[in-house]
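Asks: Starting off with a structure, shown below.
Only the coordinates and a few stated rules stand behind these numbers; no lab work does. All values reported here derive from a predicted model rather than from experimental measurement. No Cβ is skipped: glycine too gets one built from the backbone with ideal geometry, and neighbour counts run over all protein chains shown.
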Amino acid sequence: MAFVLRIFLLLCVTTYVSAQSQFDFFYKALSANENKYPDSAFYYIDKSLSFEWDSVIALQRAKWDAAAGNYQKALDEVVEVIEKGNINATLYAARYYAFMGEIEKSLSNLNTYIHCPGSLPHNIIRTDSSFSAFTDLPSWESFWLTAKSDELMELRADISYRLIQKDYNSLFDVIDNALLKYPDASELHYYRFLVFYYTENYSGALKSINKAMKLLPDNAEYYYVRAGLYKKTKSYSKAIKEYQKYRDLYPYNIYVLKEMTQTAMDAENADAAIQYAEEFLVYFHNDINLLFTYALALEMKKEYRMAIENYTKVLYLDRDHADSYYRRGMCYFELGEFEKATNEFTLTMDLRPRNGEVFYYRGLARLNNGDKIGACRDFERAKIYGNFNADGYLMKLCNEK
């Protein structure tokens, strides 16, 4: 915890060193909130909004107020968002009024929301736990009995339900029939993409998402899911490009950098992985998984000292992270520091006592450090635990027949 606190304080004092921008402060706010520093989170998000008012950032602030139980303040912020043109925010207003027990105002805003383009299907809203306090009241049932919905909205509700139920066999017919009536409804092509994706027909999925994107080219989510599709089919370079387009359209989601880092690693593009990881770690220093991946990328680039430094950071946060001991040992091995490598492999064995690969490399480290007897013992254990790379050493060095 002390390490996390020091990191967070460092983040605070570097505010005037790093480039100041609306999103710089927004990402600092996200980091502060994740690390449970609510006062700092509100400070930074207010700094972000001081650059230029932004509906997405304003809604994020409202969500934090609501999470803290400050529903009236959250509501005031949502009303401002609505007044400035984002009518879809009426869903948040409906939720916050519901939390405050004001059912009439909640239903009034909900009525506005369900007629917004792209609103959630009725069946999804009806199961929203935000409204659980009055779902048994007559006014709730009366609202849905009189709520108007067009045929496309009803189709969306039906398709959403079938997706939840994983009723893929019937979905193709439902969606194809709907497309005969609404060929330009991008969301129907998106639903078709989902069915193809979940049934592992990736070529069909690609055709469907391409059609959706042609109809609605500025929809950030479409780029995001196409990136995931490319990643699934191991088209990593294409996936990275799609993730970048997604970020250009929707820069609020800094967490996508974690996916971009891993995709770059899958593509064996260490330079890109390092770039994405460093951008994320500016704000989220204590993300163990990304720190480890970052260290792996540095190791891939043969930046062994920097890799060791970052594996050490991981171990500071999680002293039982066996992979970090092992990779740190491999870095020391590559640097020719065999005694340190031996120590790291031994620490790995404390957590993974039956790993043949670790015994094999500790044997090599001991051999290079002049400990033939210890090396032979490790080669024997490596073979017992399924690593047969040691066979040659056992026969030539350890006189095993």
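Asks: What does the charge count near Tyr198 come to, summing +1 for each Lys or Arg and -1 for each Asp or Glu among other residues with Cβ under 13 Å from its Cβ?
Replies: Numbers: positive: Arg162, Lys166, Arg192, Lys232; negative: Asp167, Glu200.
For residues surrounding Tyr198, the net value is +2.
Asks: Still on this structure: For the range 276-349, what class follows from the C-alpha gyration tensor (a ≥ b ≥ c being the square roots of its eigenvalues): rounded when a/c is under 1.5, otherwise prolate if a/b is larger than b/c, else oblate?
Replies: On the way: a/c = 2.82, a/b = 1.50, b/c = 1.89.
Cα axes put the range 276-349 in the oblate bin.
Asks: For the chain, what does the alpha-carbon gyration tensor say about shape, rounded, prolate or oblate, given a ≥ b ≥ c as the root eigenvalues, a/c under 1.5 as rounded, and a/b over b/c as prolate?
Replies: On the way: a/c = 2.62, a/b = 1.79, b/c = 1.47.
Prolate.
Asks: Now, a different point. Across the range 208-225, in residue order, what do the Karplus-derived ³J(HN,Hα) couplings come to in whole Hz, using 6.51 cos²θ - 1.76 cosθ + 1.60 with θ = phi - 60° and x for Gly and Pro?
Replies: Rounded to whole hertz, the list is 5, 5, 5, 5, 4, 5, 5, 7, 9, x, 9, 7, 4, 4, 5, 5, 5, 6.
Asks: Take His189, His122 and order them by how many other Cβ atoms sit within 10 Å, fewest up front. Write down the numbers at each step before the final one.
Replies: On the way: His189 24, His122 17.
So the residues, fewest neighbours to most, are His122, His189.
Asks: Next question, about the same structure. If I take the Cα coordinates of the range 11-141 and project them onto the principal axes, what are the three extents in Å, biggest first?
Replies: 58, 28, 22
Asks: Can I ask one more? Using a basic spin-label model with each label point 7 Å from the Cα along Cα→Cβ, how many nm lie between Leu163 and Ser130?
Replies: Distance between the two pseudo-spin positions: 1.9 nm.
Asks: Right, something else. According to the square roots a ≥ b ≥ c of the eigenvalues of the Cα gyration tensor, what is the shape class of the range 147-187, taking rounded for a/c under 1.5, prolate for a/b larger than b/c otherwise, and oblate for the remainder? Please report the intermediate quantities before stating the final value.
Replies: Values: a/c = 2.31, a/b = 1.19, b/c = 1.94.
In terms of gyration-tensor shape, oblate.
Asks: Could I ask something else about it? In whole angstrom, and with the biggest value first, how far do the Cα coordinates of the range 150-217 range along each principal axis?
Replies: Over the range 150-217, Cα extents along the principal axes are 27, 24, 16 Å.
Asks: Follow-up. For q values of 0.11, 0.21 Å⁻¹, compute log₁₀ I(q)/I(0) with the Debye formula on a Cα-only model of the range 329-401, without solvent.
Replies: -0.22, -0.80
Asks: Here's something else I'd like to know. If you line up the Cα atoms of the range 188-238 on their principal axes, what length do they span on each, largest first, in Å?
Replies: Reported extents, whole Å, longest axis first: 26, 23, 13.
Asks: What distance in nm separates the two pseudo spin-label positions at Asp173 and Leu152, each 7 Å out from Cα along the beta-carbon direction?
Replies: The answer from the label model is 2.5 nm.
Asks: How far apart, in nanometres, would the label points at Glu200 and Glu80 be if each is projected 7 angstrom from Cα along the Cα-to-Cβ direction?
Replies: 5.1
Asks: For the chain, what does the helix formula give at 222 nm: sum of -39500 (n - 2.57) over DSSP H segments with n ≥ 4, over the residue count, nearest 500 deg cm²/dmol?
Replies: Details: 24 runs with 291 residues, N = 401.
After summing the helix terms and dividing by residue count, I get -22500 deg cm²/dmol.
Asks: How large is ³J(HN,Hα) for each residue in the range 94-111, as worked out from phi by the Karplus curve 6.51 cos²θ - 1.76 cosθ + 1.60 (θ = phi - 60°), to whole Hz, x for Gly and Pro?
Replies: Along the range 94-111, the couplings run 4, 5, 5, 5, 5, 4, 8, x, 9, 5, 5, 5, 4, 5, 4, 5, 5, 5 Hz.
Asks: Using just the C-alpha positions of the range 261-385 as equal point scatterers, what log10 of I(q)/I(0) does the Debye formula give at each q in 0.13, 0.19 1/Å?
Replies: Ignoring solvent entirely, the Cα scatterers give -0.54, -0.97.
Asks: Can you list which of the trypsin sites (Lys or Arg not before Pro) found in the range 39-89 are DSSP loop residues with at most 14 other C-beta atoms within 10 Å?
Replies: Values: sites: Lys47, Arg61, Lys63, Lys73, Lys84; in loops: Lys84.
Sparse-neighbourhood loop trypsin sites (Lys or Arg not before Pro): Lys84.
Asks: In terms of modelled amide H atoms, which long-range or inter-chain residues lie less than 5 Å from the amide H of Thr233?
Replies: Counting only residues 5 or more places away or on other chains, the set is empty.
Asks: In a GNM of the chain with a 10 Å cut-off on Cα contacts, which of Gly386, Gly204, Gly69 has the highest mean-square fluctuation?
Replies: Gly386
Asks: Can you tell me, using C-alpha contacts under 8 Å and at least 6 residues apart, the relative contact order of the chain as a whole percent? Don't skip to the answer; put the middle values down first.
Replies: Details: 466 pairs, mean separation 26.3, N = 401.
It rounds to 7 percent for the chain.
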